[in-house]
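J.: One structure coming up, written as structure tokens, with questions to follow.
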Amino acid sequence: MSKPDYRDGRPDEEPLDPAAQRVQAKLKRMLLGSSLIMIAGFIAVFAAILYKINSYKADPENAAFASSIAVGPEAEVMQASITDGLLLVLVREGSRTALLRFDPETGKQLGRTDFVAR
């Protein structure tokens, strides 16, 4: 019983006719081609990830920023961030809150948005 027979008394499979063999060969080639394309896609994705990881060079020492920015005498800075070349500063002046937009290189105030409750 080292080689059990699972055919249940049925005869061996008949060989495929030439047309079926051609179809089978074509399907094998298509499987190989699509597998190679998928592997190439994985390689491209991993290469892009590695490129992005290794090419990021943030050097804040050389960035040009204003030495001081005037936000107001009673303003408390709650948050500051740089977005799209603008320095956005969220300040609280007493009970009011405002968003100030500055040019980060010159320190000039470009705009102000006051938040009001309605």
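The values are calculated or read from the model by the stated rules, or taken from the named source; none is laboratory data. From a predicted model like this one, the values you see are computed outputs, not experimental measurements. Cβ coordinates were reconstructed from backbone atoms using ideal geometry, including for glycine residues, and neighbour counts include every protein chain displayed.
J.: If A19 satisfies all but one of (1) surrounded by 10 or more Cβ atoms within 10 Å (Cβ to Cβ); (2) assigned to a helix (DSSP H, G or I), what's the number of the condition it fails?
T.: Here A19 meets the rest and fails (1).
J.: Could you please give the count of residues in segment 76-115 that are hydrophobic (A, V, I, L, M, F, W, C) and at pLDDT below 90?
T.: Total satisfying the criteria: 2.
J.: Given (1) modelled with pLDDT of 80 or more; (2) among the aliphatic types (A, V, I, L, M); (3) surrounded by 10 or more Cβ atoms within 10 Å (Cβ to Cβ); (4) under 30 Å from the mean Cα position of the chain (by Cα), where does A63 come up short, assuming only one miss?
T.: All conditions are met except number (1).
J.: Restricted to segment 100-118, and to residues that are loosely packed, with under 15 Cβ neighbours inside 10 Å and of a type in the set (A, V, I, L, M), which residue is nearest to A66 (Cα to Cα)?
T.: By that ranking, first place goes to L110.
J.: Take A48 and tell me if it is assigned to a loop (DSSP other than H, G, I, E, B) and loosely packed, with under 12 Cβ neighbours inside 10 Å.
T.: The answer is no for A48.
J.: Separate question: Out of segment 90-118, which residues are among the small types (G, A, S) and assigned to a loop (DSSP other than H, G, I, E, B)?
T.: Passing the criteria: G94, S95, G107, A117.
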